[in-house]
Amino acid sequence: MPELPEVETVRVGLARLLPGRVISEVSHDWPKSFPNVQADVDTFLLKASVTDVRRRAKVLFIDLSSKYSLVIHLKMTGQLVFDSANEHFGAGHPNQSLIGQLPDKSTRVILEFEDGSTLFFNDQRKFGWVKLLPTVEIPNIDFMRKVGPEPLLADFTWQVMRDRLQRRKNTSIKAALLDQTVIAGVGNIYADESLWGAKIHPATLVRSVSDAKIKLLHRALVDVLALAIEKGGSSNHTYVNAEGKKGSYMNFANVFRRDGQTCPRCGTTIIKLKVAGRGTHICPKDQTL
DNA sequence: CACTTGACCTGTCCGC
DNA sequence: TGCGGACAGGTCAAGT
């Protein structure tokens, strides 16, 4: 599911909700969802309090007073939902959130806090994971050493984007955008949306994309990521924020999952194809090879 | 080395 | 309705 805007939305929510809370109990049902824990739970989780919640690309870090951090990847269907206490609204409550309905059959990890609140890690497809690492080790892990620049930071200029993309000059522009070592946080939705914005066919080889087009793509990508954060992310299926609520960016999407509908720019029917092994949505008039 | 293709899982949707 | 296959926001290990 979650790409940069969704993970950032979860981070903002958790950063407001978690700091200061003390972990009192940890449980997990699916070993791969919490692979490297074992005896470390007692030592580095229990009695530890949350000090900070950070994000890099699509990965979240929950820092603890024990000098360890929970490192979390939501992959396709992961959710982190916080339940403040014993406020069990039930399914029909008008807040339309998951709070009060958890845990359910896709709950993989539960963190309970001393004040009675709970953080649920839900993951229908079991691709996501939670790992426990010493906070100081995080900068040294493979992912952090290899991941590309954050596209919403001021130093991510169009020239930086051009130079990063050149690392994959013989592949399609879409595959390059999806490569986390090229640019951090872009996934299938925002790759399609930004390529539509710049009028670039997703299968275009990186080496044949002009500087002028890269400049347009840079603008489109930054704009679409910022808009998606403003809308609380995209909820196609399972994505919800830390309060269990859906994001509304899909109402503003131009092409993603809109095959059969018309291009907002020119009225041509949007089509779906496969590029870089992924479902890909384009306007066939605006985006040509 | 650069690049592409399965595999990891569960659930849903679509055609027969 | 039932059943098979394709597909779903992401990444790896393995293949070419």
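Every read-out reported here was derived from the displayed coordinates using simple, explicitly stated rules and does not represent laboratory data. Computed from a predicted structure; not experimentally measured. Counting neighbours? That spans all protein chains shown, and the Cβs are built from the backbone with ideal geometry, glycine included.
Please give the peptides A:224-232, A:69-77 ranked by average Cβ packing (other Cβ atoms within 10 Å per residue), highest first, as a rough proxy for protection.
Final packing ranking: A:69-77, A:224-232.
Which net charge results when you count Lys and Arg as +1 and Asp and Glu as -1 among the other residues whose beta-carbon is under 10 Å from that of A:C283?
+3
As I understand it, the value is the acute angle between the Cα axis of helix A:211-230 and the longest principal axis of the Cα atoms of chain A; what does it come to in degrees, rounded to 10?
In chain A, helix A:211-230 runs at an angle near 30 degrees to the longest axis.
Among A:161-173, A:47-59, A:138-150, what's the highest-first ranking by average C-beta atoms within 10 angstrom per residue? Before the final figure, lay out the partial values.
Numbers: A:161-173: 17.4, A:47-59: 19.0, A:138-150: 13.8.
Top to bottom by mean Cβ count within 10 Å: A:47-59, A:161-173, A:138-150.
Please give the direction-averaged projected area of the C-alpha convex hull for the range A:158-282, in square nanometres with one decimal.
7.7 nm²
Only Cα pairs under 8 Å and at least 6 apart count here; give the relative contact order of chain A as a rounded whole percent.
Numbers: 607 pairs, mean separation 57.0, N = 289.
Normalised by residue count, the contact order of chain A is 20 percent.
Can you pull the one-decimal nm distance between simple spin-label points at A:R207 and A:K126, each 7 Å off the Cα toward Cβ?
4.3 nm
Could you work out [θ]222 nm for chain A from helices alone, using -39500 (n - 2.57) per DSSP H run of at least four and dividing by all its residues? Round to the nearest 500 deg cm²/dmol.
-6500 deg cm²/dmol
Using r as the Cβ-Cβ distance of A:M144 and A:R167, and R0 as 25 Å, what FRET efficiency do you calculate, to the nearest 0.05?
Working: r = 17 Å, r/R0 = 0.70.
With R0 = 25 Å, the Cβ-Cβ based efficiency is 0.90.
With unit charges on the beta carbon (Lys/Arg positive, Asp/Glu negative), name the residue among A:S208, A:L102, A:F120 whose Cα is farthest towards the positive pole of the charge dipole of chain A.
In chain A, that residue is A:S208.
Can you tell me, using C-alpha contacts under 8 Å and at least 6 residues apart, the relative contact order of the range A:4-146 as a whole percent?
Taking the mean separation of contacting Cα pairs over the length of the range A:4-146, I get 29 percent.
Show me A:116-129, A:182-195 ranked by packing, highest mean number of other Cβ atoms within 10 Å first.
Answer by packing, highest mean first, reads A:182-195, A:116-129.
Report the Rg/Rh value for the range A:77-214, based on alpha-carbon coordinates and the Kirkwood definition of Rh.
1.11
Counting every Cα pair in chain A, what percent are over 34 Å apart?
25 percent
Would you mind pulling out the separation of the Cα centroids of the range A:200-232 and the range A:1-63, in Å?
When both Cα centres are located, 31 Å separates them.
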